[in-house]
1. Need a quick list: strands (runs of 3 or more DSSP E) entirely within the range B:1-45 having at least 1 residues that are away from chain A (no Cβ under 12 Å), touching a helix residue (DSSP H, G or I) at 6+ places or on another chain (Cβ under 8 Å) and modelled with pLDDT of 90 or more.
2. Of all residues in the range B:46-70, which are assigned to a helix (DSSP H, G or I), open to solvent by 10 Å² or more (accessible area, probe 1.4 Å) and out of contact with any Lys or Arg (no Cβ under 6 Å at 6 or more places or on another chain)?
3. Being buried (at least 18 other Cβ atoms within 10 Å of the Cβ) and either touching a residue at least 40 places away in the same chain (Cβ under 8 Å) or in contact with a Lys or Arg (Cβ under 6 Å, 6 or more places away or on another chain) (or both): is that true of A:K317 here?
4. Restricting to the range B:1-45, name every residue that is surrounded by fewer than 18 Cβ atoms within 10 Å (Cβ to Cβ) and of a type in the set (F, W, Y).
5. In the range A:27-53, which residue that is under 32 Å from the mean Cα position of the chain (by Cα) and free of Cβ contacts under 8 Å to residues at least 40 places away in the same chain is least open to solvent (accessible area, probe 1.4 Å)?
6. Any idea which of (1) at negative phi; (2) more than 13 Å from chain A (Cβ to nearest Cβ); (3) touching a helix residue (DSSP H, G or I) at 6+ places or on another chain (Cβ under 9 Å) is the one B:E71 doesn't satisfy?
7. Scan the range A:59-72 for residues that are within 11 Å of another protein chain (Cβ to nearest Cβ) and modelled with pLDDT of 75 or more and report the count.
8. Does any residue of the range A:467-489 turn out to be β-branched (V, I, T) and modelled with pLDDT under 90?
Amino acid sequence: MLKLQGKPVYKGVAVGSIVVLKGTDAPVKRSKVQDAQAEIARVDAAIKTAQEQLQRLYDKALKEVGEASAALFEVHQMMLEDDDYVDSIHNMIETEQVNAEYAVSVTGDNFSAMFANMDDEYMQARSADIKDISGRLVRVLDGSADIDWESMDAAIIVADDLSPSETVQMDKTKILAFVTVHGSTNSHTAILARMMNIPALIGVPMDLETIHSGDKAVVDGFAGEVILEPTEEECVKAEAKIKEEQEKVQLLQALRGKETVTRDGRAIKLYANIGSVGDVGYVLENDAAGIGLFRSEFLYLGRNNFPTEEEQFQAYKQVLQTMAGKKVIIRTLDIGADKQVDYFNLGNEDNPAMGYRAIRICLTQPDIFKTQLRALLRAAVYGNLSVMYPMIISVEEVDQIQAIVKQVEAGLIAEQIPYKLPEQGIMIETPAAVMISEELAEKVDFFSIGTNDLTQYTLAIDRQNEKLDTFYNPYHKAILKMIKIVVDSAHKHGKWAGICGELGADPKLTEEFVRMGVDELSVAPSMVLRLRKAIREM
Amino acid sequence: MKAFDYVIKDEIGIHARPAGLLVKEAKKFESTITLKANGKSAAATKLMAIMSMGVKSGQTVTVEAEGADEEAASAGMQAFFEENL
């Protein structure tokens, strides 16, 4: 039994077995081997296992998403059979007497560099495929093989930290809790945990080398504690807590179907934030009046090329139809900063939070933007859609966006494709946008305040930097004043303003926000009924 | 030796999937099959070497087959290119 403390980012208790996720980019260690032939045999066996994994992935993708997406796994299988690639690995083991993991990793780097240096965008993007197959081989070799989400039982996910592209691939019904060594309270792990209503601990000083998948653990998000290999008694105690929590949730269920109004009769739009089509179930389950922030990045993450207009259209349409006339606010692409995607070729930046991201990518690469806008305008026919644009700092950007929307609209008219122009708003998440919010309010239909980024830019605190968590004061007066300015600017021009950042879900501030005149709060689905309770008691 | 020229019609050029299928096809024959384009050459049985030639749409590839079954190999490759590239 071993008790470790961490910082809870979502309360709750879980008991179950651990699955350790090892990062794909952990450095591979070089070591000398005595028997090169045995090491070569290990490589050949690993290639065979990797081929079998890819075949299963191919079959699964073929069944679920169709041939076009499945072909990627077929290509990976073919690459793993390549004579030059395999010979290079064998050769390095024989001549340098190194371990298989190292030989695979170096060969992968060499081949991937070769493709990265070609003057052909398509071939450059293949360097990610080489990295992918080499990473798969290394994971097979060192035993940290890919998780087979389909066949596994629900488990406690233990990792160093989780990247958005890792979380996007997870089967969320199989996750009991998250426990990570790194990450901050505003990291994606934290956001995901709040969305899914599962306990999560970050900053837990664990040695991942000594923790094995299959070990039992108790995660207590109230005490901020994880117990490895717990005693029978501790498990019983945890089970009792889980039951108690479930009863509290049951009580909140009585608020389903009730209106979100204060005692003096003011109605608040209480919406939910989600990040994938599958999350719509959480929205309905928790009886949110709509979706206030639908992060469209899920369509772009965890894949090797841009999603087509048709793929996007189908995804948006599905959400709009499922929400059956309730409001759905989709935020356009917010890639960059902490959300990196290989095929965008964004490159490394010294200061990514202030870098090439979100609307800045969309305005300089309008083809990417237009594809998304076309899909959105076409999907708007199927429900109550609003679109909002992230990271705005100027009126000129809004003008440019509106010009592009006009072009997209003209194209759809010319092709006689049915579409509808949705309500359009902007995210207020930079201090600049706050300062010119009156001018912006004239141009757009609504404001949605993204408090996470607004706080980071106003306080000059990187939200991914866990060392700064002690300086990070989400209740800073500057932020509350800014929210007031934004709400007043919107109302002056007859527009509405809401909050979709984490701050909107903080029950300590709900009353203040309502008094300020905030019209809409969009929060993690698990928070909807709690806030409804708070607002009805005001 | 048997040889033929072929102009690539596929929009992306010789991309990963057809290159992989090409390798499978080439391995069916005993003859040594070589692709030449852009001043580079690659054995038709080596996927990454073929891809790294970077053959684009509209470019010409010369396919050479040499060996016991070169007639069949050349005909087989020609049929493959017509159908896939």
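The values are calculated or read from the model by the stated rules, or taken from the named source; none is laboratory data. Everything quoted here is computed from the prediction, not taken from an experiment. Note that we place each Cβ from the backbone using ideal geometry, even for glycine, and neighbour counts take in every protein chain shown. Accessible surface is based on the protein model in full, side chains and every heavy atom, while ligands, DNA and RNA are left aside. Shrake-Rupley method; radii C 1.70, N 1.55, O 1.52, S 1.80 Å.
1. Correct list: B:2-7, B:32-37.
2. Within the range B:46-70, B:A49, B:S52 meet the criteria.
3. Answer is yes for this residue.
4. B:F4
5. Among those that are under 32 Å from the mean Cα position of the chain (by Cα) and free of Cβ contacts under 8 Å to residues at least 40 places away in the same chain, it is A:Q51.
6. (3)
7. 2
8. yes
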